[in-house]
Amino acid sequence: MVELGNNILSEFKTASQSEWLEANGVGGYASSSVAGANTRRYHGLLVAATDPPLGRMVLLSKFEETLIIDGKSYEISSNQYPGNVHPAGFEFITRFRLDPFPVWTFAAGGIQIERSIFMVHGENTTVCQWNVINNPENRNVEIELKPLLAFRDHHHLRHIDTEFGRNYEIAENIVSTSPFRTMPTLYLAHNAGKIEEQGYWYRDFEYAIERERGFDFHEDLFQPFSIRFDLSDEAVVIASTEPKQIADANKYKIAELERRGFIIGRSGADDDFKAQLVLAADQFIVSRGGGKTVIAGYPWFSDWGRDTMIALNGLTLATNRPDVAKSILLEFSKHISEGMLPNRFPDAGDTPEYNTVDATLWFFEAIRAYAEKTADYELVRTQFYDKLIEIIDWHVRGTRYKIRVDTDGLLYAGETGVQLTWMDAKIGDWVVTPRTGKPVEIQALWYNALRILTDLAAKFGDKTRQTDYENMAAAAKKSFNEQFWNETDQCLFDVVNGDDSDASVRPNQIFAVSLPHTMLTSATARKVVEKVESELLTPFGLRSLSPKDARYVPVYTGSPHERDAAYHQGTVWGWLTGHFIDAYRKVHSKDARANECVKEIISGFRSHISQASAGQISEIFDAEPPHHPRGCAAQAWSVAELLRTF
């Protein structure tokens, strides 16, 4: 259980910087700050995936909540307006915990109440519950809720709109509203005793994180009615895109508790930190078509091929969910085109984007890991083997973006204006880290893929291809060792492009050690690990560029342009921790202290899981202490790589 105390809850600044997240397994989510004030445009109590897993819309932004105790009102909501926090309901919060859902304890007027929020798995449905837990003087307690509606794409903001429909239907224990015909209807099932029709705009909410990110940060929200409950019994609201029965609220809760308990039990997690990581991992696994995919990060990312293949091992295999891994691999295999896996499924439209060189190579590693975990080589033979062969064939003869095997056996990739590796920041026409040519990790992944396919060919009795792939791997290994060693810095070049060798000290070289099949000698591998450890290792992952480099940016902040320019120029990436640890274990396999050193490397994340987004691991961190968390508050491969490491 993750729990926050008064050191965070007592100040609006700290309470509003801590977030919570619920996800529904189809791409929708609910999220806000622990203080109750929305600080992102993406925050909302019901962000529905209207075209699962995408098409996400903020329908219900939040409730304004007022406790009425013996006729006296206590506003327990919080909002940031220009120059003012109103109401300051965070002052009544005495406790926040994930148990396993977000649960708040409020103390006001001599009583205590709890509010809990969870989503129903597989539905665009959020259940909110309020209970009195301590009322020693038996006071009369009511709660009034005022829903604030946004009805917009989660990337956008709502402003006062004369076209915003004020049409809603009130029936027994359910209210429905549909301000726009093109959007879903919002149903609010409830057990309130009183409903009052109103119709007000709340103006000028300020979203602090959007302001920090350099985006528009003001929003107006519409309040159509209020609903009032007698808290002598539990108050319940079920917000959904489908009509619901209020009597089903506890059934949903029991089912979700059992589902999450089963996931933890199946994983074999042996401490609270690992158990919470398992629940965090589950939030990224969502449905796409008839299969599964991975949301790369909440709140704004969609499902990305690269992120999915990198995260697959930790999210599914390390948590003993091979059935989910199988579904993901099968689903993505349907979208292979010209020997490439899609990099991204856009929020709008169904046409995937193929602008990546590494997602396809990570596909090989994901299949290898699946086969190793399950021994299901029959699935690999019947469903994947021919596709892997086809991928190699396309890479040999050339595919999109000049991706092709060069005469030296190494993989060339890139052309003007595109960013094909995971260091993919682009500002207008400026590719910040183009890395055109032969990036070091692409060669490591290419060699690993060739060796994986060699092993599969041998297993399936395909002797001719086994020999072909062995020869291709040997040629790549020879060329790599001839071209990539940087004698001056005693590490690997980041990119080789003809006679040009990029000596930037970046974490990409760690994959030449960490992957199952490596081209390096043990002595060379040790030097690479030592270089990365000395210049790039932090308590939250690896820096993306050495501090000794003139282009190094220590803090990831400012305008979108400034942040994109810093994204891979020093910023720390949590997911790289897993591959550094793999590499560290390899070169220190005979060191009795190795396991203790690994525990120390991971220790920072144990405290972080209670900080940025409670129960989750952030995407990135500042390059310099205190390594403030940045980017997505919940990132799939950050969580996955910790689980895989464990």
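Hey, could you get me the Stokes-Einstein D for the stretch 417-503, Kirkwood radius over alpha-carbon pairs, 25 °C and 0.890 mPa s, rounded to whole µm² s⁻¹? Let's see the in-between values first.
On the way: Rh = 14.7 Å.
Stokes-Einstein gives a translational diffusion coefficient of 167 µm²/s.
List, in order, the whole-Hz ³J(HN,Hα) value for each residue of the stretch 46-55 obtained from phi through the Karplus relation with A = 6.51, B = -1.76, C = 1.60 and θ = phi - 60°; use x for Gly and Pro.
9, 9, 8, 8, 7, 9, x, x, 10, x
Report, in debye and to the nearest 20, how large the dipole of the stretch 131-182 comes out about its Cα centre when Lys and Arg carry +1 and Asp and Glu carry -1 on their Cβ.
Details: 6 positive and 8 negative charges, 37 e Å.
Using Cβ point charges on Lys, Arg, Asp and Glu, the stretch 131-182 gives about 180 debye.
Got a sec? Charge dipole of the stretch 250-301, +1 on Cβ for Lys and Arg, -1 for Asp and Glu; which of Q276, G265, V286 is way out at the positive end?
V286
Report D for the stretch 82-132 in µm² per second (integer): Stokes-Einstein, Kirkwood Rh on Cα pairs, 10 °C, 1.306 mPa s. Mind dumping the intermediate values first?
Numbers: Rh = 12.5 Å.
In µm²/s, the coefficient rounds to 127.
Let me see the pair-distance distribution of the stretch 156-289: every alpha carbon pair, 10 Å bin width, integer percents in order.
It works out to 10, 25, 27, 29, 9, 0, in whole percents.
Amide H neighbours of Q223 under 5 Å, counting only residues 5+ apart in sequence or on other chains, H built in-plane at 1.01 Å?
Amide H neighbours of Q223, under 5 Å, 5+ apart: L149, Y200, W201, Y202.
Between helix 636-645 and the chain, what is the angle of the helix's C-alpha long axis to the longest principal axis, kept within 0 to 90° and rounded to the nearest 10?
60 degrees
Placing +1 at every Lys and Arg Cβ and -1 at every Asp and Glu Cβ, with all other atoms neutral, what dipole size does the stretch 343-487 have around its Cα centre, in debye to the nearest 20?
On the way: 18 positive and 23 negative charges, 47 e Å.
Roughly 220 debye, rounded to the nearest 20.
Would you mind computing Rg(Cα) / (2.2 N^0.38 Å) for the stretch 1-85, counting N as its residues?
Details: Rg = 14.9 Å, N = 85, 2.2 N^0.38 = 11.9 Å.
Computed over Cα atoms of the stretch 1-85, the ratio equals 1.25.
Between H159 and N140, how many nm apart are label points set 7 Å from Cα along the C-beta direction?
Rounded to a tenth, the inter-label distance reads 4.5 nm.
Could you pull out the GluC sites (Glu not before Pro) across the stretch 196-266 that fall in loop regions by DSSP (anything but H, G, I, E, B) with no more than 15 other Cβ atoms inside 10 Å? Can you show the working numbers first?
Details: sites: E196, E197, E206, E210, E212, E219, E234, E256, E258; in loops: E234.
Sites meeting the loop and neighbour criteria: E234.
Over the chain, what percent of the accessible surface lies on carbon and sulfur atoms, probe 1.4 Å? Intermediate values should be presented prior to the final figure.
On the way: 11040 of 23910 Å².
Carbon and sulfur atoms account for 46 percent of the accessible area of the chain.
Could you state the accessible area per residue of the stretch 137-219 in Å², with a 1.4 Å probe and every protein chain left in place?
Details: 4480 Å² over 83 residues.
I get 54 Å² per residue for this part.
Among the GluC sites (Glu not before Pro) within the stretch 423-525, which fall in a DSSP loop and have no more than 15 other Cβ atoms within 10 Å of their own Cβ? Before the final figure, lay out each step's value.
Values: sites: E441, E470, E482, E487; in loops: E487.
Of the GluC sites (Glu not before Pro), the ones in loops of the stretch 423-525 whose Cβ has at most 15 other Cβ atoms within 10 Å are E487.
Normalise the Cα radius of gyration of the stretch 349-421 by 2.2 N^0.38 Å (N = residues in it) and let me know the number. Before the final figure, lay out the partial values.
On the way: Rg = 14.3 Å, N = 73, 2.2 N^0.38 = 11.2 Å.
This ratio for the stretch 349-421 stands at 1.27.
Of T577, W422, Q383, whose Cα points farthest to the positive end of the dipole of the chain (charges on the beta-carbon: +1 Lys, Arg; -1 Asp, Glu; origin at the Cα centre)?
Q383
Note the direction-averaged projected area, equal to a quarter of the hull surface, for the Cα convex hull of the chain, in nm². Please report the intermediate quantities before stating the final value.
Working: hull surface 115.3 nm².
Mean orientational projected area (the chain, Cα hull): 28.8 nm².
Per residue, how much accessible area does the stretch 503-577 show when a 1.4 Å probe rolls over the protein heavy atoms, in square angstrom?
On the way: 2430 Å² over 75 residues.
Here the residues of the stretch 503-577 average 32 Å² of exposed surface.
Measure nothing but the geometry: give the 0 to 90° angle between the long axis through the Cα atoms of 272-282 and the longest principal axis through the Cα atoms of the chain, rounded to 10°.
90 degrees
Structure shown: which of K334/K477; K477/K586; K146/K251; K387/K426; K426/K586; K194/K251 lie over 27 Å apart, alpha-carbon to alpha-carbon?
On the way: K334/K477 31 Å; K477/K586 19 Å; K146/K251 25 Å; K387/K426 31 Å; K426/K586 35 Å; K194/K251 24 Å.
Table pairs above 27 Å Cα-Cα are K334/K477; K387/K426; K426/K586.
How many angstrom separate the Cα center of the stretch 516-575 from the Cα center of the stretch 386-460?
Centre-to-centre distance over Cα atoms comes out at 21 Å.
Whose amide H sits under 5 Å from the amide H of A296, counting only residues 5 or more places off or on another chain, with H placed in the peptide plane?
So A296 has HN proximity to S302, D303, W304.
Please name which of L60, S73, N6 has its Cα lying farthest along the dipole of the stretch 1-81 towards the positive end, using unit charges on Cβ (Lys, Arg +1; Asp, Glu -1) and the Cα centre as origin.
Sorting the options by dipole projection puts first L60.
Treating the beta-carbon of each Lys and Arg as +1 and of each Asp and Glu as -1, no other charges, what is the dipole magnitude of the chain about its Cα centre, to the nearest 20 debye?
Details: 67 positive and 88 negative charges, 260 e Å.
Here the size comes out at about 1260 debye.
Straight-line reach from K13: which lysines fall under 20 Å, measuring Cα to Cα and dropping same-chain residues less than 8 apart?
Those lysines meeting the cut-off are K62.
Any idea what angle helix 522-535 forms with the longest principal axis of the chain, computed on alpha-carbon atoms, 0 to 90 degrees, nearest 10?
Rounded to the nearest ten degrees, it is 40.
Name the residues whose placed amide hydrogens come within less than 5 Å of the amide hydrogen of E64, ignoring near sequence neighbours (fewer than 5 apart) on the same chain.
Answer set, sorted by chain and number: K146, L148.
How large is ³J(HN,Hα), in whole Hz, for each residue of the stretch 225-240 in order, when computed from phi with the Karplus curve 6.51 cos²θ - 1.76 cosθ + 1.60 and θ = phi - 60°, using x for Gly and Pro?
6, 10, 10, 10, 10, 8, 8, 5, 10, 5, 9, 9, 10, 10, 9, 7
Can you give the three extents of the C-alpha atoms in the stretch 459-552 along their principal axes, from longest to shortest, in whole Å?
50, 33, 22
Which whole-number value in Å² is the accessible area per residue of the stretch 339-488, probe 1.4 Å? Walk me through the numbers on the way to the answer.
Details: 6040 Å² over 150 residues.
On a per-residue basis, 40 Å².
How big is D for the stretch 476-612, in µm² s⁻¹ as a whole number, if Stokes-Einstein is applied with the Kirkwood radius of its Cα pairs at 25 °C and 0.890 mPa s?
Numbers: Rh = 15.9 Å.
Approximately 154 µm²/s, per Stokes-Einstein.
Do any trypsin sites (Lys or Arg not before Pro) in the stretch 524-570 lie in a loop, going by DSSP, with at most 16 other beta-carbon atoms within 10 Å of their beta carbon, and if so which?
In loop regions of the stretch 524-570 (DSSP not H, G, I, E or B), the sparsely surrounded trypsin sites (Lys or Arg not before Pro) are K548, R551.
The values are calculated or read from the model by the stated rules, or taken from the named source; none is laboratory data. What you are looking at is a predicted structure, and each value in this text was computed from that prediction instead of being measured. All Cβ positions, even for glycine, are placed from backbone atoms using ideal geometry, and neighbour counts span all protein chains on display. Heavy atoms of the whole protein, side chains included, go into the accessibility calculation; ligands, DNA and RNA do not. Shrake-Rupley method; radii C 1.70, N 1.55, O 1.52, S 1.80 Å.
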